[in-house]
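Here is the structure we will look at, set down as structure tokens.
What follows draws every value from the coordinates through simple rules; no lab data is involved. Bear in mind that the values here come from a model prediction, so they are computed numbers and not experimental data. In this analysis, Cβ positions are derived from the backbone assuming ideal geometry, glycine residues included, and neighbour counts consider all displayed protein chains.
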């Protein structure tokens, strides 16, 4: 079947143009609505981000205010941290020179007369020098035995035994006979107690040297080896001689 329009040609063209115009307007309205929806979504997102930024700024302001309040305590806190670190590094065997002298005096038996007891440069070398007389010794043999007993008393003392590295008689002939007012034979001695390291005496100058050898380990993929660092501390010869 054929559809026959009896309308004039001009009217038919006008009607088709109107329909096309309405379609274009409808499409434009739909596009505009879509753009409005997208814009509204973006505006909403932007508003949320702005509010979030304001909240972050407010919290930052609070944090900065708190930092300013605590800043006067930073120096004290750092000093406390350093003190705590130093406290953790203190070992049970670490004792002061005064404690060392008091312990030596307290454990010295009656047959030992201490004539000098001092700790030169203790913070540097932790060495205690003991000088005294075996006033009740009748023979050199008994003096040697008494001196060895005194050395044993010091080395086995509960407060010192874990700290002592070496006890040594510093002169080649430690027992020297001295005159006694009572007429009995007596012998003098000089002893070194070292908490820091091995004791060595320079035979030419008479200088006492203590060598500290802290032991550290270095691990490798092949094996574990021990590394030794040596520091030498020199005590003036006048202190020993």
Inset, instruction - Treat each spin label as a single point 7 Å out from the Cα along the C-beta direction, and report the residue 73 to residue 30 distance in nm. - result: 6.7
Legend entry - For segment 9-72, convex hull volume per residue from C-alpha positions, Å³: 44
Inset, instruction - Arrange 140, 98, 134 by Cβ neighbour counts within 10 Å, fewest through most, would you? - result: 98, 140, 134
Inset, instruction - Determine the gain in length on full extension of the stretch residue 59-residue 80; use 0.36 nm per residue of separation and subtract their C-alpha separation, reporting nm with one decimal. - result: 4.6 nm
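Within a 10 angstrom radius of the beta carbon, how do 87, 189 rank from fewest other beta carbons to most?
Numbers: 87 8, 189 24.
Ranking 87, 189 by Cβ neighbours within 10 Å, fewest first, gives 87, 189.
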